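Working notes for the structure below.
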Amino acid sequence: MDSNHRPPGYEPDALTNWAKGPELPLPFNSNIFFILVQEIFDFLHEKNFIRIIIGEEKMYKAKKLPFLYYQLEPTISTKTNAYHYEKHYKTYLNNLNKIIVKINISTNYELIDLYNHLDIIKDEDKNDFLFNLGGVVNHELYFESIKQEKKLPDANLLLAINNSFGNLDNMYNEIKNCTRELKGSGYLFLVTDNNKKLSLLITTNQDSPYLYGLTPLLSIDLWEHAYYLEYQNERNRYVEKILKIINFSYANKLFANWHT
């Protein structure tokens, strides 16, 4: 676990799997030895030698969070972010990798490109594959959509928002209305089609807009694990708060890249 994800003075409980042990002094030469070993390992891993030896050539890697666990306080707690990333997101990723190994799909594909190759997935594996693939890509987009430093839509995306919703405030109001309609668990997405038309899409479980030929730009996770520690069963209040830390920086890039 990257120690940078620990807030000042924060002592994690056992469930976050952060171990804290006594610091043992090492001789100077031992430190040099361990540094050299780590550098050699990193080099071999980068060149795929280690990945081939331990079978990681078939593994997708966890995407680094764009914020530290404590940086979304008080909207989202440190504990929720830690659980969400370490327990939920990484579980989907691990399960996806197991399926990838089982059905022997190339990991040369970008994750979202896998939606374009569903024809090579056997029917008996397809539901689990889609569920865990969605669990990875949906979470990664959600994590990219929130940040304490608020970033507004750039000129291109704002123009599309105004054309589709009237203005940004109208879009926020529609988001609130849409999320109230969801029964059970799922996500709210801001999506674009090939004509730069924006719309809001609610999906259930881990379904992705890519299944419907749409490109997601930002996401709000509406599963209870995303908010229950802070808001219990008050999902509407969670949505109100989360809209205050929506960050359009990533959405701006996705929209520009998709329509270039």
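Read-outs throughout are calculated quantities, based only on the coordinates presented, and are distinct from any laboratory measurement. None of these values were measured; they are calculated from a predicted model. Using ideal geometry, Cβ is built from the backbone for each residue, glycine included, and neighbour counts are taken over all protein chains shown.
What is the calculated FRET efficiency for Leu118 to Lys87, with r their C-beta to C-beta distance and R₀ = 25 Å, to the nearest 0.05?
The value I calculate is 0.35.
Under a 5 Å amide H to amide H cut-off, with H placed in plane at 1.01 Å, what residues pair with Ile146 once short-range neighbours are removed?
HN-HN under 5 Å from Ile146: Asn247.
With contacts defined as alpha carbon pairs under 8 Å and 6 or more residues apart, what's the relative contact order of region 59-145 in percent?
Result for region 59-145 is 39 percent.
Multiply the residue gap between Glu224 and Gln148 by 0.36 nm, knock off their C-alpha separation, and tell me the result in nm, one decimal place.
Full-extension gain reported as 25.3 nm.
Return the distance in nm (one decimal) between the two label points of a simple spin-label model at Asn173 and Asn127, each offset 7 Å from Cα along Cα→Cβ.
Using points 7 Å along Cα→Cβ, the separation is 4.1 nm.
Please turn the phi angles of region 222-237 into ³J(HN,Hα) values with the Karplus equation 6.51 cos²θ - 1.76 cosθ + 1.60 (θ = phi - 60°), one per residue in order, whole Hz, x for glycine and proline.
Going residue by residue, I get 10, 6, 4, 5, 6, 8, 5, 4, 8, 10, 6, 8, 8, 5, 4, 5 Hz, with x marking Gly and Pro.
Under 5 Å between amide hydrogens, which residues at least 5 positions from Leu217 or on another chain qualify, with H placed 1.01 Å from N in the peptide plane?
Amide H neighbours of Leu217, under 5 Å, 5+ apart: Leu190, Val191, Thr192.
Give me Lys151, Lys61 sorted ascending by neighbouring Cβ count inside 10 Å, so fewest comes first.
In order of increasing Cβ crowding within 10 Å: Lys61, Lys151.
Give the lysines whose C-alpha is closer than 26 Å to that of Lys126, dropping any in the same chain fewer than 8 places away, or say none.
Lys58, Lys61, Lys63, Lys87, Lys90, Lys98, Lys102, Lys183
Expected output is a single nm value to one decimal: the length gained when fully extending between Asn163 and Leu200, i.e. 0.36 nm times separation in residues minus the C-alpha distance. What is it? Walk me through the numbers before you get to the answer.
Details: separation 37, 0.36 × 37 = 13.32 nm, distance 1.36 nm.
This chain segment gains 12.0 nm when fully extended.
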